[in-house]
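Notes for the one structure printed next.
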Amino acid sequence: MFNRALISLGSNLGDKSANLNQAINDMKALIGDVEFISSFYESAPWGYDSENQFLNACITCYTHLSPLELLTQLKKIEQSMGRIKTVSGYEDRCIDLDIVFYNNVEIETEQLTIPHPYFKSREFVMIPLEEIVKKEDPFYHFIKS
């Protein structure tokens, strides 16, 4: 059975557009078929100060992976692209991949919370998300709830 996920992407180091495109291509190879890709949007850093603006997007994709397997693959993509966490909070990064929605499930574990707990308060997620999630989309109820 295929599962459907919405993933947010962000980059504020290096060639940001190339970083997002590489992450999308890596997701196609490791996760499954990409359904929709939003436009790329510039945004200010959220939760910390930085001179580096972000480039953000959202995608929807189909996958055979479970939520935790999907998270593991996203972290592998981040690491393969050179993301290294040096602090426990937010920091500049070449790529950031977050699961926003997965099917119509709600999950809360130590490793993963779905829907993403902050998605509604982040314009850099909501703007690209609303571009690709329409009223007839099963994810739409999470946006309006």
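Below are the figures for this structure:
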read-out: Distance between modelled label sites at Thr109 and Leu30, nm, 7 Å Cα→Cβ extension; value: 1.8
read-out: Per-selection Rg to Rh, the chain - Cα, Kirkwood hydrodynamic radius; value: 0.93
read-out: Per-bin percent of Cα-Cα distances, the range 61-145 [5 Å]; value: 3, 12, 21, 23, 23, 12, 5, 1, 0
read-out: Check: the chain dipole with +1 on Lys, Arg Cβ and -1 on Asp, Glu Cβ, in debye; value: 200
read-out: Candidates per trypsin sites (Lys or Arg not before Pro) in the range 91-142, loop by DSSP, up to 16 other Cβ within 10 Å; value: Lys134, Lys135
read-out: Flagged links, alpha-carbon separation over 24 Å, of Lys16/Lys85; Lys85/Lys134; Lys28/Lys135; Lys75/Lys144; value: Lys85/Lys134; Lys28/Lys135; Lys75/Lys144
read-out: Calculated FRET efficiency for the pair Glu123/Ala18, C-beta based, R₀ 25 Å, to 0.05; value: 0.60
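Coordinate-derived values only; no laboratory data. The structure presented is a predicted model; accordingly, all values stated were derived computationally and were not measured. Cβ coordinates were reconstructed from backbone atoms using ideal geometry, including for glycine residues, and neighbour counts include every protein chain displayed.
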